[in-house]
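Okay, so here's the structure we're looking at.
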Amino acid sequence: MISPHRSKKHLAFVRSLACAFCEHPAEEAHHHSRKAGGGGVGIKGCDLLTVPLCASHHRELHKRGEVHPYGPVETREVLWKSVALCLRARVLEGT
C-alpha cells in the first residue's frame, strides 16, 4: 500500500478556497478518495486528494454519500474536478 502524503500546509490552502458545490467559503478539507490516496478502512486518504467544502456540504456528503441536487455520479465528478483544480492552483502558485 502507498503511504498517504500528509501536509498541513496543503490542507490550509484547500480550506482557503470556495466550497466545490456552493462557492461559499470552505471551512473544511474533505479527503475524497481513500483507495486512490493510500488510505483504507479507518485511514484517511492522501492530503493532496482533498476538496474544499463548507461545513454543511461536508456533513451532507458523509451522511448521504452525495450532495443535493447532484446524484452520486455527478457528486463524484464535481469532487474529482475540484481535486484537479486544487492541485493545478498549487502548481501555478509555485509551492
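The values are calculated or read from the model by the stated rules, or taken from the named source; none is laboratory data. Just so it is clear, the model here is predicted, and its values are computed rather than measured. Neighbour counts run over all protein chains shown; Cβ positions are idealised from the backbone, glycine included. The area values use the complete protein model at the heavy-atom level, side chains included, leaving out ligands, DNA and RNA. Shrake-Rupley method; radii C 1.70, N 1.55, O 1.52, S 1.80 Å.
Residues whose amide H falls under 5 Å from that of Thr50, counting only those 5 or more places apart or on a different chain, are His32, with hydrogens built in the peptide plane. Using the Cβ of Ala55 as centre and a radius below 14 Å, the other residues enclosed give a net charge of 0, where K and R count +1 and D and E count -1. Local charge for Ser7 was computed over the other residues whose Cβ lies under 11 Å away, with Lys and Arg +1 and Asp and Glu -1, and equals +3. Bridgeable aspartates and glutamates around Lys8 (alpha carbons under 13 Å apart, same-chain partners fewer than 8 residues away excluded): Glu28, Asp47. Remark: the chain carries 62 Å² of accessible area per residue (probe radius 1.4 Å; ligands, DNA and RNA excluded).
Which value at 222 nm does the chain reach when only helices count, each DSSP H run of 4 or more adding -39,500 (n - 2.57), with the total divided by all residues and rounded to the nearest 500 deg cm²/dmol? Dividing the helical sum by the residues of the chain leaves -13500 deg cm²/dmol. For the chain, the relative contact order comes to 27 percent (Cα pairs under 8 Å, sequence separation of at least 6).
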